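Right, one structure below, let's go through it.
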Amino acid sequence: MAFETLNGIVLRYANYRDNDRILTVLTQERGAVAVTVRNCRKKSSASTDAVSEQCCYGEFVVYERGGILYASSTAIKESFYPIREDYERLVSANQILRFAEIIAYNHGGAELFPLCYHALSFLAYGDNNPIDIELCSTAKMLCLAGYKPVLTHCVRCGKDLRKQKEVAFSKVQGGTLCDYCGVGCRVISALSAEALRRMILLPLPQMGRVKLPDNVRKELDLIIYEYAEYSFEQIIKVRGK
Ligand SMILES: [Zn+2]
């Protein structure tokens, strides 16, 4: 039997039979995979169970049988435990991992894994508003998936919008619009557009620098998810629902 070692973050799990669990794991090596962990819900196997929780980062030694990946052993590397002790952190982590799962099957683990790893680290150990880390992560995931929004000029006519106080944002056209082209679209402050642009450019280890003013957070919370849901044609925002 060939064994393979996978390192990954548990995006979600489903209980299976009496004692088993099927994990959806975002791995560095293979992107998202389903791993069946046997007997992890037995009371006697507390150590195996620990890595079978959402958000946990662990090592999974797996083998394949009949097209199904089974874990032969697991080891926890990082539980991001403080996330589980704080409601706001937990819902933002859940939101990030939900979107990660949606794009994981098409966009692999090479870039998505470090993004999720850093996001969970800042959620667990940083002092940011969890929604700021969540919005930054979601904006970065949109870019990974090929939906990088245009934010410095009008997506239709090309007019430079960097001197304007407010700009229109179109989820349909994927970016900002000038007054003329953006009639009827949602309007956001130039500050929000600039904050979104900077969050996209920010290197992952610096995500802790994202500290959004309340009104910017509110505007971005709206347009980022409207844009994501329009682009992916499904409900993505589950926080607060
Ligand atoms: Zn225009």
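The values are calculated or read from the model by the stated rules, or taken from the named source; none is laboratory data. What you are looking at is a predicted structure, and each value in this text was computed from that prediction instead of being measured. Ideal geometry is used to build each Cβ from the backbone, glycine not excepted, and the neighbour counts take in all protein chains shown.
Brief remarks follow.
Yes or no, residue by residue, for (1) away from the ligand (no atom under 15 Å from the Cβ); (2) aromatic (F, W, Y); (3) closer than 19 Å to L135 by Cβ; (4) in the same structural domain as F113 (by TED's automatic domain parsing):
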| residue | (1), (2), (3), (4) |
| --- | --- |
| C157 | no, no, no, yes |
| V167 | no, no, yes, yes |
| C185 | no, no, no, yes |
| L191 | yes, no, yes, yes |
| P203 | yes, no, yes, yes |
| L212 | yes, no, yes, yes |
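- Flag for G174 being in contact with a strand residue (DSSP E or B) (Cβ under 8 Å, 6 or more places away or on another chain), surrounded by fewer than 21 Cβ atoms within 10 Å (Cβ to Cβ) and at positive phi: yes
- Flag if A195 is of a type in the set (A, V, I, L, M, F, W, C), under 26 Å from G31 (Cβ atoms) and away from the ligand (no atom under 16 Å from the Cβ): no
- Residue in region 3-12 that is at positive phi and either assigned by TED's automatic domain parsing to the domain that holds L144 or of a type outside the set (D, E, K, R) (or both) present: no
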